[in-house]
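Read through the structure below, which is laid out as structure tokens, and then see the notes.
Read the figures in this text as sums done on the coordinates, not as results from a lab. Here the structure is a predicted model, which is why all the values come from computation and not from measurement. FYI the Cβ positions are ideal-geometry reconstructions off the backbone, even for glycines, and counts take in every protein chain you see.
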Amino acid sequence: MSLNEQIMAELLAKANSLPKSPGCYLMKDKDETILYVGKAKNLKSRVASYFNKSAKSAKTQILVSKIFNFDFIITNSEAESYVLENNLIKDNRPKYNIRLKDDKSYPYVQVNKSHAYPKLEYVRRPKRKRGVELFGPYPSGSNISSVMRTITKAFSLRDCSDWDFSSRKTPCILHQMNQCSAPCVEYISKEDYAKDLENALKVLKGNRNAKKAIKLLEQRMGQFAEEEKFEQAAMLRDYIEELKPFLENSFDQKVEFLNEKNVDVFSCYKGEKELDISLYMIRQGSLLGHKSFNFYIEDLFDEISEEVILFMLQYYGQSSEPLPETIVADLDRDQSKNFEDALRKTIGESIKFSVVSGEGKYRPLVEAAKQHAQESQRVRMENQESEYTGLHKLKDLLGMTERPRVLECYDIAIWQGKSPTASKVVFHDGKPDKKSYRHYHLQELPEGNNDFAMMKEVFERRIKKRPLPDVFVVDG
């Protein structure tokens, strides 16, 4: 019996001694580095399947060939195993687990009501905080930024920073231009400012109350005209005209059959080589936009539905955006319930939301999201735009046995003959992993600029830290 066969036999014997409980398992290499984290309803059956003689995909065979040991953690339920798996992947970043990369964010308008005189703030990645009210997301950053400025001026809200607000002794020029009520020097009471803020928020909410807020502006415009303050009346007229397109879009309800106003819809399409997941985002009853994600099928070790649940846990666990009222997933009812339980444990029981299966009235939305996933994959494949295609070409070019997953790229820079510096950028599955980017400050050598010696210093420092990437790319 060869050494590898002996190791597999020992691992299989260990796996057969595991309990038939739900839980997570951690596959490790000879250096005790975690290669892969998985979950199972039945730990004994799932872990043993890696080491018995059953048929395995090429990717699984490569993973198994590198396993020298494994650990396991028992959980009380399948929902708990989802939560634990998600946390273990986030903490250990195993090489063979898929990672979510979501670089697309939508803008929000934020109001911090814990401040005595709140203002409207534009944010891209809002944080869940007590006392903070969010409006959005909105499809266009530049458009909502312009709308926010118009609302601020129309209702004479403050637009200054908190530091400027607290340090000001006299009103700023915006007050002189009739664009701010100068709460910084108490030219307006908290009660009156709160009324103006509430009317401003009615516009952002995009409901029927917004018409009342606009009617109030029209009344003020008429009052200014009667008092022969024509410049101020003209300003309000212009503000109302600027807000009309925003209000018309807000009243246009495109998804009329839904009772809920804020819904996320997930669906997926499994092609020959890749899995595409599509997310449709419905906000205020209208289809706001979508996000698309794709993964290489050989990287998936569990059933597609299990991988989709883990993906959604990662997505909402990493996001600071407020959850929608309803999450619709192309899962059966038991899977939807498990996902909802796991998500509540991940983000907190107090947040109100519900998860439903993609049946009944939600079926058209699920099918639309699935069709989008299918078409996205078709276009990407026909145009060879998949990052996995390039990585497989690199594998063949370098004569590697598996697709490179982690690439580290290095370059040297020198400023006017001094201050030598090296930079490292990292790609994981063809996507930038910016959290792993690094700078190296190097020694100034007596012989001057010696790129080889400086790169030698970089790699001597780098290889002391594990794990190493699949490919080093050096400029020079």
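State the label only: which of [x] -0.38, -0.83, -1.06, -1.15; [y] -0.56, -0.72, -0.91, -0.99; [z] -0.29, -0.68, -0.94, -1.05 corresponds to log10 I(q)/I(0) by the Debye sum over Cα atoms at q = 0.05, 0.08, 0.10, 0.11 Å⁻¹ computed from the shown model?
[z]
Towards the positive end of the charge dipole of the range 3-92, with charges on Cβ (+1 Lys, Arg; -1 Asp, Glu), say which of ILE67, MET27, MET8 has the farthest Cα.
Of the candidates, MET8 comes out farthest on the positive side.
Antiparallel as a % of all DSSP beta bridges within the range 263-387, to the nearest 5?
Here the antiparallel bridges make up roughly 70 percent for the range 263-387.
Just to be sure I understand: of the beta bridges DSSP finds with both ends in the chain, what percent are antiparallel, rounded to 5?
DSSP beta bridges in the chain are roughly 80 percent antiparallel.
Given the rule -39500 (n - 2.57) for each run of at least 4 DSSP H residues, summed and divided by the residues of the chain, what is its mean residue ellipticity at 222 nm, to the nearest 500 deg cm²/dmol?
For the chain, the value works out to -13500 deg cm²/dmol.
Could you calculate the FRET efficiency of SER45 with LEU468 from 1/(1 + (r/R0)^6), where r is the beta carbon distance between them and R0 is 25 Å, rounded to 0.05?
0.15
Which residues' amide hydrogens lie under 5 Å from the amide hydrogen of CYS180, considering only partners 5 or more residues apart or on another chain, with H built in the peptide plane?
Sorted by chain and number, the residues that satisfy this are HIS175.
Report, in degrees rounded to the nearest 10, the 0 to 90 angle that the Cα long axis of helix 3-16 makes with the longest principal axis of the chain.
The angle comes out at about 60 degrees.
Along the charge dipole of the chain, pointing to its positive end and built from +1/-1 on Cβ of Lys, Arg, Asp and Glu, which listed residue (HIS439, TYR82, ALA373) has its Cα farthest out?
Final value for the positive-end residue is TYR82.
R0 = 30 Å: FRET efficiency of ALA9 with ILE297, Cβ-based, nearest 0.05?
It comes out at approximately 0.50.
Could you compute the FRET efficiency for ARG130 and GLU32, with r as their C-beta to C-beta distance and R0 at 35 Å, rounded to 0.05?
Here the calculated transfer efficiency is 0.25.
If you scale each eigenvalue of the Cα gyration tensor by 5 and take the root, what three semi-axes come out for the range 391-468, rounded to whole angstrom and sorted largest first?
28, 13, 12
For the range 167-175, what does the Karplus curve 6.51 cos²θ - 1.76 cosθ + 1.60, with θ = phi - 60°, yield as ³J(HN,Hα) per residue in whole Hz, taken in order and with x for Gly and Pro?
Values per residue, Gly and Pro as x: 9, 6, 10, 10, x, 8, 5, 5, 5 Hz.
When a footprinting reagent is the concern and you count Cβ atoms within 10 Å, what order do GLU359, GLU382, GLU408 take, fewest first?
GLU382, GLU359, GLU408
Taking the Cα centre as origin and putting +1 on Lys and Arg beta-carbons and -1 on Asp and Glu beta-carbons, what dipole magnitude results for the chain, to the nearest 20 debye?
In total the dipole reaches around 780 debye.
Test of understanding: what is the full-extension gain from GLN318 to LYS113, defined as 0.36 nm times their sequence separation minus their Cα-Cα distance?
Separation in residues times 0.36 nm, less the Cα-Cα distance, equals 71.3 nm.
Calculate one ³J(HN,Hα) per residue across the range 369-381 by plugging θ = phi - 60° into the Karplus curve 6.51 cos²θ - 1.76 cosθ + 1.60, and present them in order as whole Hz with x for glycine and proline.
Coupling constants for the range 369-381: 5, 5, 5, 4, 4, 5, 5, 4, 5, 4, 5, 5, 5 Hz.
If you take the charge dipole of the chain about its Cα centre, with +1 on Lys and Arg Cβ and -1 on Asp and Glu Cβ, which of PHE293, TYR239, ASN52 is farthest toward its positive end?
ASN52
Give me the lysines in straight-line cross-link reach of LYS53: C-alpha distance below 25 Å, same-chain residues under 8 apart excluded.
LYS14, LYS20, LYS28, LYS30, LYS39, LYS41, LYS44, LYS66, LYS95, LYS273
What are the residues whose amide H is under 5 Å from the amide H of VAL473, where those residues sit 5 or more places off or on another chain and H is modelled from the backbone?
Result for VAL473 returns GLU408, CYS409, TYR410.
Please give the length that would be gained between GLU226 and TYR122 if that part of the chain were fully extended, namely 0.36 nm times their separation in residues minus their C-alpha to C-alpha distance (nm, one decimal).
Full-extension gain reported as 33.9 nm.
Cut-off 19 Å, label point 7 angstrom out along Cα-to-Cβ of ARG99: give me the residues of the range 421-455 whose amide nitrogen falls inside.
Only 423-440 fall inside the zone, counting backbone N under 19 Å.
Only counting other Cβ atoms within 10 Å, I'd like VAL473, VAL328, VAL406 sorted with the fewest neighbours first.
The most exposed by this proxy come first: VAL473, VAL406, VAL328.
Rank the residues MET148, MET8 as a footprinting-exposure proxy: fewest other Cβ atoms within 10 Å of their Cβ go first.
MET8, MET148
Of the listed peptides 310-319, 449-458, what is their order by residue-averaged count of other C-beta atoms within 10 Å, with the highest listed first?
Final packing ranking: 310-319, 449-458.
Points 7 angstrom from Cα along the Cβ direction at ALA368 and MET381: gap in nanometres?
Calculated label separation equals 2.5 nm.
Whose amide H sits under 5 Å from the amide H of SER21, counting only residues 5 or more places off or on another chain, with H placed in the peptide plane?
LEU43, LYS44
Output the 0 to 90 degree angle, nearest 10, between the alpha-carbon long axis of helix 387-398 and the longest principal axis computed from the alpha carbons of the chain.
Approximately 30 degrees, to the nearest 10.
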